[in-house]
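Mind having a look at this structure? Questions to follow.
What follows draws every value from the coordinates through simple rules; no lab data is involved. These figures come from a predicted structure and were not determined experimentally. Every residue, glycine among them, receives a Cβ derived from its backbone with ideal geometry; neighbour counts consider all protein chains shown.
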Amino acid sequence: MATKHTPSLVTARNILTGLRSIMASPGNAQAKLNHVVETIGEAVSSEVCSIYLRREGVLELFATRGLNQEAVHVTKLAFGEGLTGYIAKNVETLNLDEAASHPDFQYRPETGEEKFHSFAGVPIIRNQQAVGVLCAQHIDPRKYSEEEIESFQTAAMVLSELISNAELVDVESVDAPNARNSGADRLSGLQLVKGKASGFAVFHQPRVKIEHTVAEDTEAERHRVYSAFDKMRSQIDQMTNQAEFGVGGEHEEVLQTYKMFAYDEGWSRRINEAIDSGLTAEAAIERVQQHTRMRMRQIDDPLLAERMHDLEDLANRLLRIVSGQMGTAATMGLRQDTILVARNLGPAELLEYDRRRLKGVVLEEGSLTAHVTIIARAMDIPILGQVKNVRQIVRENDLLLLNVDENALFVRPSPSIEDAFETQIELTQKKRAAYAELKAKEPITTDGTRITLNINAGLRDDMAMLSLTGADGIGLFRTEFQFLVAATMPGRAGQLRFYRDVLDAAGEKPVIFRTVDIGGDKPLPYFQASEVKEENPAMGWRALRIGLERDALMKVQARSLIEAAAGRKLNVMFPMIAEPWEFDEAKAVFEKQLEYLRDRKKQLPLSIRYGAMLEVPALAECLDQLATRLDFLSIGTNDLTQFLFAADRSNPKLAERFDWLSPAILRFIGRVSRQADQLGIELSVCGEMGGRPLEAMALLGLGIKRLSITPASVGPIKAMIRSLDLGAAQEQLSGILSDPPNDPRGALEKWAQEHQVDLG
Ligand code: PEP
Ligand code: MG
């Protein structure tokens with residue numbers, strides 16, 4: 001339903017009708033701009049209407065009605081200079097009854113503007129930057145009405161289309177890839193996956209480029225925006241109802257705010273009014289968003305700034321729906337070396353990207369042990385997390401230099417920063433080459449203990465890492481990755497082929513397959529594990545708990561693994577075991593399949609070894625019961641830490657709260673290690689902790705002799721092992737366990753330095 005037409009709407013409409021016919025008429029750009037200032041000036045009964053555009057880094061008067069015509073292309077202002085410069089620099093609107101009263105006022109005699117008192121100006125925006133200013137001046141000292149200002153803003157929106165089509169401004173510096181500025185931004189965050197990379201910014205959810213601003217048919221535009229609202233609201237409702245989002249805290253809060261904004265009548269009314277003024281649906285959404293952005297900028301409240309993210313997300317979602325540009329950047333394909341920018345990513349979303357072009361990731365959220373981080377680590381893709389406002393600061397196609405090692409993201413770097421970065425990349429490559437030389441050397445401590453160094457894997461491509469790193473085997477093969485990348489549940493034939501390929505690629509080296517660990521932060525889009533809304537998915541219906549209930553899932557996997565390992569050795573590991581009976585039941589599923597295949601005279605594996613992951617602290621209390629039943633035990637420090645500290649591993653707020661080198665963890669692992677020794681249980685560690693040199697040193701000091709780590713860590717960890725006196729480290733750790741210092745990390749670092757341990 002159309003809204004009532006107020007006089008101001010009529011003004012805005014008249015302006016737009018005028019602009020549309022100017023844009024459609026023949027003639028050069030200058031003539032069109034001259035015509036535009038006349039049309040707008042007349043519509044708002046203003047003596048003066050002027051357009052300044054950005055050219056060669058300054059604002060140049062391009063057209064005016066009411067000021068001296070000799071000033072056109074002569075009057076130039078720097079960004080920040082005078083009222084016009086102020087508007088452009090701050091991307092802000094000014095509305096003054098007495099221009100000279102503003103501290104930034106500057107008088108330009110060539111314009112003849114001394115007789116005008118009132119002044120109003122709005123930025124002409126493209127890609128969230130000012131490319132010009134539209135302003136009006138009046139002899140009477142009067143403020144322009146809110147409605148008049150809104151018509152200026154609407155006109156500025158259309159002007160932005162006109163001037164970019166006519167290539168009147170420095171659009172290259174706004175739109176072009178590798179846009180630079182002299183004062184490059186350096187942002188920092190939380191180091192999630194170390195490494196360095198350069199590339200062009202791509203938004204995981206790309207911003208929509210608005211091609212047309214003036215509507216041909218207002219009713220058709222209204223209809224488009226209404227159905228987009230319907231679609232967006234039902235998407236948000238669906239998200240709210242999905243079990244995986246049903247947790248308390250962050251997600252819930254975000255969704256509630258989303259919902260509130262999505263259903264906000266004020267928002268839809270303002271968009272509707274902008275459509276009434278003659279804008280297209282896309283331009284109306286953007287126009288309202290620009291207005292909100294400006295208002296928010298004036299309010300210095302971090303909480304509101306947070307909410308602004310949500311509103312931006314939502315407006316962007318609405319824009320994508322209305323323009324039909326729905327997919328993520330992955331579905332559109334990457335065209336060049338890319339640094340991906342997102343609020344957050346799921347593991348499956350990351351896997352959709354082309355690995356050859358995806359060089360790095362920057363997130364506004366993110367935490368160290370979230371699965372997306374683990375996958376990126378396995379793929380050797382650096383990630384910087386918790387970079388505040390990165391989606392506001394970075395623009396699509398900006399050149400970005402990502403140096404997670406030094407916690408830095410350079411946005412639009414200067415050539416000198418780029419040169420320095422190149423040098424650093426070369427140095428890193430040299431270091432890598434040095435690690436590669438260690439490939440053939442064994443991980444033996446200086447006092448002669450051979451450590452087993454395995455790698456973690458999950459994708460077919462990871463198998464190449466076995467020979468590239470010289471690792472002893474695969475200590476954790478996360479089979480669920482295959483489920484995460486598939487569009488539908490992988491069947492038996494597909495699984496069988498995949499596991500066989502993995503074993504073929506591993507050759508003589510052992511592979512420990514972990515049965516599917518889905519649920520938690522690894523939901524499968526095509527599989528609803530739980531009918532009930534889960535308040536705490538990480539502690540809920542996940543991993544083996546699903547496997548034992550939906551035993552078809554586990555049976556198919558067991559059968560595929562056994563068949564794939566025909567004539568070879570098979571190692572199977574069960575995740576999230578909390579009590580011995582769970583291990584027994586899981587093992588029984590395999591034994592039953594084995595029997596079935598034996599009855600049918602199929603070739604069987606030479607041997608099967610069964611292991612459990614120690615991720616739930618309760619299991620540590622039952623090791624004596626398990627000792628005779630299992631063949632090996634592997635500590636998953638990611639989940640173990642989560643449960644030991646009751647700290648959600650994917651909650652960014654908790655990402656840095658607890659340290660892997662805290663006495664609680666060290667004592668826990670030390671005790672398990674001693675017990676496993678006494679009970680004769682083969683023990684290893686396969687969580688992310690083992691891939692960090694200082695933490696790995698502590699683990700060895702606690703008696704751990706087998707590590708399974710991310711491939712990129714093999715070089716640094718091997719270098720650490722080969723420089724370590726294990727006996728001395730064990731003594732040091734036992735001192736730390738019995739009398740923990742205030743800062744165990746600092747104490748261990750100091751000790752390592754004094755004992756020349758290579759920590760990379
Ligand atoms: C762990 O929890 O430490 C682990 C290795 O498993 P994942 O990270 O896949 O949960
Ligand atoms: Mg785990």
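Name the residues of the range 467-507 whose amide N is less than 15 Å from a point 7 angstrom out from the Cα of ARG450 along the C-beta direction?
Only 471-473 fall inside the zone, counting backbone N under 15 Å.
Using 1/(1 + (r/R0)^6) with R0 = 45 angstrom and r between the beta carbons of ASP758 and GLU579, what's the FRET efficiency to the nearest 0.05?
Working: r = 41 Å, r/R0 = 0.91.
E between ASP758 and GLU579, to the nearest 0.05, is 0.65.
Right, here's the next one. Placing +1 on the Cβ of each Lys and Arg and -1 on the Cβ of each Asp and Glu in the range 307-421, which of ALA329, LEU401, VAL362 has its Cα farthest towards the positive end of the resulting dipole?
ALA329
A further question on this structure: Taking Cα pairs under 8 Å and at least six residues apart, what relative contact order does the range 466-583 come out at, in percent?
Numbers: 140 pairs, mean separation 37.5, N = 118.
The normalised contact order for the range 466-583 reaches 32 percent.
Could you calculate the contour length gain from GLN392 to LYS509, that is, 0.36 nm times the residue separation minus the distance between their Cα atoms, to one decimal place in nm?
37.3 nm
Between LEU279 and residues 5 or more places away or on another chain, which pairs have amide H atoms under 5 Å apart, with H built 1.01 Å from N, and which residues are they?
Amide H neighbours of LEU279: ALA215.
Once label points are set 7 Å from the Cα along Cα→Cβ at both ARG460 and ALA78, what is their separation, rounded to one decimal in nm?
Taking the two extended label points, one gets 5.9 nm.
Once label points are set 7 Å from the Cα along Cα→Cβ at both PHE527 and ARG432, what is their separation, rounded to one decimal in nm?
My value for the distance between the label points is 3.4 nm.
Sticking with this one: Please go through the range 329-368 and write out the trypsin sites (Lys or Arg not before Pro) that DSSP classes as loop and that have at most 13 other C-beta atoms within 10 Å.
Details: sites: ARG335, ARG343, ARG355, ARG356, ARG357, LYS359; in loops: ARG335, ARG343, ARG355, ARG356, ARG357.
Loop-located and lightly packed - ARG335, ARG356.
Give the residue list of trypsin sites (Lys or Arg not before Pro) in the range 588-638 that are DSSP loop and have at most 13 other beta-carbon atoms within 10 angstrom.
Details: sites: LYS592, ARG598, ARG600, LYS601, LYS602, ARG609, ARG629; in loops: ARG600, LYS601, LYS602, ARG629.
Passing both the DSSP loop test and the Cβ count: ARG600, LYS601, LYS602, ARG629.
Using 0.36 nm times the number of residues separating HIS102 and THR17, minus their current alpha carbon distance, what extension gain do you get?
Stretched fully, the HIS102-THR17 segment lengthens by 27.2 nm.
Same structure, new question: In the chain, if the dipole is taken from +1 on Lys/Arg beta carbons and -1 on Asp/Glu beta carbons about the Cα centre, which of LEU700, LEU640, GLN732 is farthest to the positive end?
LEU700
Residues in the range 614-641 near a label at GLU682, defined as backbone nitrogen under 18 Å from the 7 Å Cα→Cβ point?
Residues 614, 626-636 fall inside that zone.
Of the DSSP beta bridges with both residues in the chain, give the percent that are antiparallel, rounding to the nearest 5. Walk me through the intermediate numbers first.
Working: 46 of 86 bridges.
Looking only at bridges with both residues in the chain, the antiparallel portion is about 55 percent.
Hey, with R₀ at 51 Å, roughly what FRET efficiency would ALA664 and ARG269 work out to, going by the Cβ-Cβ distance, to 0.05?
Values: r = 54 Å, r/R0 = 1.06.
Efficiency at R0 = 51 Å is approximately 0.40.
Helix 302-323 versus the longest principal axis of the chain: what is the Cα-based angle in degrees, 0 to 90, to the nearest 10?
80
Relative contact order for the chain using alpha-carbon pairs under 8 Å, separation at least 6, rounded to a whole percent?
Details: 1427 pairs, mean separation 81.3, N = 760.
Over the chain, the number comes to 11 percent.
Grab the beta carbon distance between GLN235 and SER467, set R0 = 56 Å, and tell me the FRET efficiency rounded to 0.05. Numbers along the way, then the final one.
Details: r = 46 Å, r/R0 = 0.81.
That pair, GLN235 with SER467, gives E of 0.80.
Just how large is the dipole of the chain about the Cα centre, in debye to the nearest 20, putting +1 at every Lys and Arg Cβ and -1 at every Asp and Glu Cβ? Present the calculation step by step, with values, prior to reporting the outcome.
Numbers: 88 positive and 107 negative charges, 534 e Å.
Here the size comes out at about 2560 debye.
Enumerate by residue number the chymotrypsin sites (Phe, Trp or Tyr not before Pro) in the range 451-527 meeting two conditions: DSSP loop (anything except H, G, I, E, B), and at most 16 other Cβ atoms within 10 Å of the site's Cβ. Don't skip to the answer; put the middle values down first.
On the way: sites: PHE477, PHE481, PHE483, PHE498, TYR499, PHE513, TYR526, PHE527; in loops: TYR526, PHE527.
Those that pass, being in a loop and sparsely packed, are TYR526, PHE527.
Simple spin-label model, 7 Å along Cα-to-Cβ: THR423 to ARG492 in nm?
My value for the distance between the label points is 6.3 nm.
Okay, moving on. Using only the Cα atoms of the range 346-453, what do you get for the radius of gyration and for Dmax, in Å?
17.3, 54
Further, regarding this structure: To test your reading of the geometry: what angle, between 0 and 90 degrees and rounded to tens, separates the Cα axis of helix 281-297 from the longest principal axis of the chain?
With rounding to tens, the tilt is 80 degrees.
Can I ask one more? For GLN128, project a label point 7 Å along Cα to C-beta. Then give me every residue of the range 205-219 with its amide nitrogen under 19 Å of that point.
What the label zone holds, given the 19 Å backbone N cut-off, is 205-211.
Give the distance, in whole Å, between the Cα centre of the range 711-731 and the Cα centre of the range 367-383.
If you average the Cα positions of each part, the centres end up 23 Å apart.
Angle between the Cα long axis of helix 250-262 and the longest principal axis of the chain, 0 to 90 degrees, nearest 10?
30
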